[in-house]
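Step one of this worksheet: look at the structure below.
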Amino acid sequence: MTPATPEPQASHPTLSASVVEIDETDVGGRTALVTGASSGIGRATAALLREHGWQVIAVARRAERLDELAAQTGAIPFAADLTSPAEVQALAEFVDEHGRLDALLNITGGAIGVDPVERGRVEDWVQMYEINTVATLRVTQALLPVLRRTAADHGWASILTLTSTAGLGVYEGGGGYTAAKHAEQALVDTLRLELNGEPIRVIAIAPGLVHTEEFSLKRLHGDHAKADSVYADVDHPLSAEDVALVNVQTIELPPHINLDLVVVRPVAQSAQHKLYRGPLRPKLS
C-alpha cells in the first residue's frame, strides 16, 4: 500500500529565542501551573517551586486541599475537574487574565485496579484514559496560547508532563493503566515534534516506584494492607519530594536544554519488573 500523503499542518506562530533576550535570572517573575496539586507529587512540586521563588497556580479538584496549600506556601489555588471541558476553559481564562505562564506541569493522573485484561472493567479503563491522557490533552491545548505569548515576551516556555515507567513497558494487572500512560507518552512525544522551531520545551518525567499517601491506596480501592505491601521492605522507595526535586531541577535548567525523557527510579528498582526487597548492601568479596 502507498502511504497516505500527510495533510498540511495547521500554521502556528514561529517564535525564536534569538528575538527575545532570555534573562535566566528572572525567576521571581516566572509563573508555573501545576495540576494534581492537592496531594502527592503535584503538591510537593508546587511547594518546592514556591520555595524557589516561582509564582504557582495550583490546580486540583479538592478546593479545601488547595486552600491549605495556599495558606502554607502562597500558591494561587484554582479548583477544577480537568475531565470537564467547561472547567478547563474556565482555568484557561483565569490564566489568560494572569497574563504569564512560563511552565505548565501536567502532574494529574492515577491508576484504578489491578484486574487482568480479560476481567478489566471498561469504565475503569475509560476513566484512567480520561484522567491521564485526555486531561493532559485538554489542559495543554487550552494553555498553549498563553505559553506561546510568554515565550514571545520572555524568550522561552516549558511543558512538563509526569508520565510513568508504565508508559514505557507493561506488566500483568496493569493493562488499563499502562495503556493510558503509553497514550500520554505518545501525546508528549508527538507534541515535541509539532512544536519544533518554537522555544518551548516539551519534557516527560517517568517515575517508577514512588511511595505517596494516595496512589496505591486509590488503585487498590482503599485496601490499606494491600497498598502498604506494594512498598514493603523496599530500601528507600522514591518519595513525592524526590520526584518534585527532579521536576523543578528540570525546568530550571538553562532554557535551551530539553530533557526529552527522564526515567527516575529508586536504586532498589532496576527495571519495571526488577524490584529488590530488603536492605541494599554492597557485595564485598
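The values are calculated or read from the model by the stated rules, or taken from the named source; none is laboratory data. Only a predicted model underlies this, so the values are computations on that prediction, with no experimental measurement involved. Glycine gets a Cβ as well: all are built from the backbone with ideal geometry, and neighbour counts include every protein chain shown. The protein model used for the area step is the full one, side chains on, heavy atoms only, and it has no ligands, DNA or RNA in it. Shrake-Rupley method; radii C 1.70, N 1.55, O 1.52, S 1.80 Å.
A compact table of results
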quantity	calculated
Given charges at beta-carbon only (K, R positive; D, E negative), |dipole| of region 151-245 in Debye	260
Backbone N within region 231-245 under 16 Å of label point (7 Å from Glu68 Cα along the Cβ vector)	240-241
Probe 1.4 Å - accessible area at Tyr231, Å² to nearest ten	20
From the C-alpha gyration tensor of the chain, square roots of 5λ in Å	31, 23, 20
Hits among aspartates and glutamates - C-alpha to C-alpha of Lys283 under 18 Å, sequence gap 8 or more where chains match	Asp235
Surface accessible to a 1.4 Å probe, Ile107 within the full protein complex, Å²	20
Area accessible to solvent at Thr133, 1.4 Å probe radius, in Å²	10
Coil-residue trypsin sites (Lys or Arg not before Pro) of region 249-284, DSSP, other Cβ within 10 Å capped at 15	Arg277, Lys283
Residue-span extension gain [Arg121 to Arg61] - 0.36 nm each, minus C-alpha spacing	19.2 nm
Point-charge dipole on Cβ atoms (K/R +1, D/E -1) for region 225-285, about Cα centre, debye to 20	400
Cβ-based charge dipole, the chain, positive-most Cα from His154, Ile203, Gly175	Gly175
Binned Cα-Cα distances of region 165-276, short to long, each 10 Å bin given as a whole percent	12, 38, 34, 13, 2
Most mobile of Ala37, Ala268, Ala166 in a GNM of the chain (Cα contacts under 10 Å)	Ala268
Dipole magnitude of the chain about its Cα centre (Cβ charges: Lys, Arg +1; Asp, Glu -1), debye to nearest 20	700
Probe 1.4 Å, accessible area per residue of region 195-285, Å²	57
Accessible area in the full protein assembly, largest first, 1.4 Å probe, for Glu214, Glu184, Glu64	Glu64, Glu214, Glu184
Which of Phe94, Phe78 is most accessible, then next, and so on - probe 1.4 Å	Phe94, Phe78
Eligible lysines near Lys226 by straight Cα distance, threshold 28 Å, same-chain separation 8 or greater	Lys181, Lys218, Lys274
Sequence of Glu68, Glu97 when ordered by accessible area, the most exposed leading, probe 1.4 angstrom	Glu97, Glu68
Segments 242-248, 148-154 sorted - mean Cβ within 10 Å per residue, highest first	242-248, 148-154
Charge dipole (the chain, unit charges on Cβ, about Cα centre) - positive-most of Gln127, Ala232, Thr31	Ala232
